[in-house]
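First up is the structure itself, then whatever we jot down about it.
Taken together, the values in this text are just the output of simple stated rules run on the coordinates, not laboratory data. Treat the numbers as computed from the prediction; the structure is a model and nothing was measured. All Cβ positions, even for glycine, are placed from backbone atoms using ideal geometry, and neighbour counts span all protein chains on display.
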Amino acid sequence: MGCQEELLIQKICSFYDQISSLESLKPSKDVDILFAQLILTCMPPNPVDVNNLSKKIQEIRSKLIRLCGEAEGLLEAHFSAVLASFENPLDHLRIFPYYSNYLKLSHLEFTILKQHYPLVPSQVAFVGSGPLPLTSIVLASKHLTTTSFHNYDIDPSANSRALRLVSSHPDLSKRFFFHTTDILNVANGLKEFDVVFLAALVGMDKEEKIRVIHHLAKYMAPGAILMLRSAHGARAFLYPVVDPWDLVGFEVLSVFHPIDEVINSVVIARKHHQMSIQSSSSKDQQALVPNIIQLLPTKCSEIQAFNPP
């Protein structure tokens, strides 16, 4: 490991010490500043491979991802409540501090989806939609304007908050559906969806994430599209990583790593028409890996479609 990487990891570990000592992760001046500094530290392109870190640093990374997930949930719950106080909540989405990031990420995901699935999906599922389902809202209002969105979250309070945001909207109130359940309890219902989005924080560690992916591989319709969010380089201290060979039962179509303020990488895969979930050999894993578009800016016009051999 180079000197720069060591300094970076020391800095991230320092942030972990400060964040883990906070009494609460609810939005506040101290919480906002710490997480903003952490994000800015992890954002620049860096070749660090989290798989090669020591066991101690791996444990810190795992705990930090959970802290980030908790803080993100509290931030979304707070702003969902603020937005619900308006007569027309969706007219005020810009008060959410990361709204512009969601606009860029949703545009990126839609552009990648359109390259590999040229049809307009009839029904989309978003797994892990949360109290502020911005991806679903942005996609439904700007890109997929006739598509029905089924939002899944395990937390009933998250769904009730999200429902309040769209219930007064004349269009989205008719196209948005909320399901309070663990996605692992949804079986044949998954066959109804042309596209399934999996939120970055559904499955906070590798084992949980793979369990969800295997469940989707078992029950999604053959040929349906799975869109996942991952992380690359130092950004993997903020979100879990999905490797292409984790997607047993799917054909990985492309992987995109932004280098701007959009933190998440985007992975798109297609459900095999015939699949069996087995552990892959290293040779099989290599066959699953597509051309990975690494470290490119999110200028969607520059995204090159991957055509599998």
Note to self: Suppose each label sits 7 Å from its Cα in the direction of the beta carbon; what would the S173-S28 distance come out to in nanometres?
What the structure shows: 3.8 nm
Check: Hey, can you rank 186-192, 148-154 by average C-beta count inside 10 Å, highest first?
Finding: 148-154, 186-192
Item checked: Sites H92 and E5, calculated FRET efficiency, Cβ-Cβ separation with R0 51 Å, nearest 0.05 -> 0.75
Next item on the list: Averaging over all projection directions, find the projected area of the Cα convex hull of region 99-302 and quote it in nm² with one decimal place.
Entry: 10.9 nm²
Next item on the list: Please state the charge dipole magnitude for the chain, taken about the Cα centre, from unit charges on C-beta atoms (+1 on K and R, -1 on D and E), reported in debye and rounded to the nearest 20.
Entry: 420 debye
Check: How long is the gain from D17 to H143 if the chain were fully straight, where each residue apart is worth 0.36 nm and the alpha carbon distance is subtracted?
Finding: 41.3 nm
Item checked: Size of charge dipole - region 3-95 - debye, nearest 20, with Cβ of Lys, Arg +1 and Asp, Glu -1, no other charges -> 240 debye
Item checked: Net lengthening on full extension, L119/K191 (0.36 nm per residue, minus Cα-Cα) -> 24.2 nm
Check: If you take the C-alpha gyration tensor of region 1-98, multiply each eigenvalue by 5 and take the square root, what semi-axes do you get, largest first, in whole Å?
Finding: 32, 14, 11
Note to self: Set the bar at 28 Å for Cα to Cα. Now go through K63/K142; K11/K114; K142/K191; K29/K104; K63/K174; K26/K104 and name every pair that lies beyond it.
What the structure shows: K63/K142; K11/K114; K63/K174
Notebook entry, point to check: Taking the Cα centre of region 99-302 as the origin and placing charges on Cβ (Lys, Arg +1; Asp, Glu -1), which of P121, V202, W245 is farthest toward the positive end of the dipole?
Noted result: P121
Notebook entry, point to check: By DSSP, what percent of the beta bridges with both residues in the chain are antiparallel, rounded to the nearest 5?
Noted result: 40 percent
